[in-house]
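S.K.: Structure provided below as structure tokens; questions to follow.
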Amino acid sequence: MHGHILQLCVIQAVASFIHLEPKNATVLRGSEVHFNCSTDESWDVMTWLLGGRTVLSISADHGPLGRDESVSTVNHSMSSVSVWELVLINASFSPTVQEVTCELLPTGRSSSALFVQEKGNVRILEGDLSVQGGVLVTFHCQAIGWYPNPSVSWVVNATNVDRGNYNTSSLQDASGLFNSTSVLQIKAEASTAVECWASVSAALAHQTSTVKLTVEAPQITQDYTVVIAVIVSVCTIILLAVLILILCYRKKLTKLSSENKVSSSSWTVNLSSERRSVADETSGKVNPGYKAEDVTSSGHGDLRNRADSTINVISPPRVRGERITASALFKTSGS
């Protein structure tokens, strides 16, 4: 890398009197920074200044004369071109741009701009969370002690969140460092990792804070378990009551039907019994209201004979004994 820079310096030195590379350097605080000063003209003393303060002096004849403990130097000169490299071992932070100057006596000077950035800390305030599904969750991310103002972003479930979905604000303290706060709101739909990233341009990687969002079962499932159980119990009781009423109604109908059948049979039996009773009471019995007339008197002989003949004719044929009796009577009377 140094060889490549040296070649560029040599090429540029041919076309100019004095040249300093790089013209702009952006690094993190504490980093090592390299600058190369080259010229094709003769010079007596090369002086390096940082922010207007001398950090290194080099004699063309004797080399480095004295230097600050925070810098070192390397000679890359060739026969036709003088090239000296300044190494800032530990770049110090400053909220303003620092000027790096290579001054050649008695010929001239050249300057570059040095930007030293500060990488602070980042933290999500909420920590790991366990919430119910569907809840709107708010996360706060703080990026403290950065310079310049850090770039803050969010990553949810390994996907970058659109900048329109969160708000970030920053304040600069007395030392020139920035403190930023970013607010993100998301709907808890599934368990995931929530990350807050903060970075500045000189950082090779961003600073990250990660929390775990755990989504539990919806609150309605837990809150209404008792209510659901009561509803199920009431519905079961109502269903059982309806079934009991139906069974009682059917039993009552069956009982009424049986009673109707028994009543009908009883009525038929009673009717038959009454008929038999009447027949039994009137068949073969003497009518107490009947008064027999004296048939021994004269004039009744013919009537008696006709009566006997009539009785013989109308006697019921059903009872065999009665026929025999009537026949016997007829024979008796005839004799």
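S.K.: By how many nm would the segment from S151 to T107 grow when fully extended, if each residue of separation counts as 0.36 nm and the alpha-carbon distance is taken off?
M.R.: Full extension of this stretch gives 11.5 nm more.
S.K.: Now for a separate question. Compute the length gained on full extension between S42 and N24: take 0.36 nm times their separation in residues and subtract their Cα-Cα distance, giving the result in nm to one decimal.
M.R.: 3.9 nm
S.K.: Around T73, what is the net charge, scoring Lys/Arg as +1 and Asp/Glu as -1 over all other residues with Cβ under 14 Å from its Cβ?
M.R.: With Lys, Arg at +1 and Asp, Glu at -1, the net is -3.
S.K.: Modelling each spin label as a point 7 Å along the Cα-to-Cβ direction, I'd like the I144/C248 distance in nm, to one decimal.
M.R.: In this crude spin-label approximation the distance works out to 7.6 nm.
S.K.: Give, as a single signed number, the net charge of other residues whose beta carbon lies under 15 Å from the beta carbon of P95, with Lys and Arg counted +1 and Asp and Glu -1.
M.R.: -1
S.K.: To the nearest 10 Å², what's E41's accessible area with a 1.4 Å probe?
M.R.: Approximately 80 Å² of E41 is accessible to the 1.4 Å probe.
S.K.: Something else: Carbon and sulfur together cover what percent of the accessible area of the stretch 40-92 at a 1.4 Å probe radius?
M.R.: About 44 percent, which is the carbon plus sulfur part of the accessible surface.
S.K.: Report the full-extension gain for the segment I89 to L204: residue separation times 0.36 nm, less the Cα-Cα distance, to one decimal in nm.
M.R.: Taking 0.36 nm per residue and subtracting the Cα distance, the gain is 39.5 nm.
S.K.: Here's another thing I want to ask about it. Could you compute the net charge surrounding G145? Neighbours are other residues with a C-beta less than 14 Å from the C-beta of G145; K and R count +1, D and E count -1.
M.R.: Residues near G145 contribute +1 overall.
S.K.: While we're here: In square angstrom, what is the accessible area per residue of the stretch 69-223 with a 1.4 angstrom probe?
M.R.: Heavy-atom SASA per residue in the stretch 69-223 reads 52 Å².
S.K.: Once label points are set 7 Å from the Cα along Cα→Cβ at both S31 and T225, what is their separation, rounded to one decimal in nm?
M.R.: The modelled label-to-label distance comes out at 5.7 nm.
The values are calculated or read from the model by the stated rules, or taken from the named source; none is laboratory data. Keep in mind that this is a model prediction, so the values were computed, not measured. For neighbour counting, all protein chains shown are included, and Cβ atoms are generated from backbone atoms with ideal geometry for every residue, glycine included. Side chains are part of the model used for accessible areas, which takes the heavy atoms of the whole protein and leaves out ligands, DNA and RNA. Shrake-Rupley method; radii C 1.70, N 1.55, O 1.52, S 1.80 Å.
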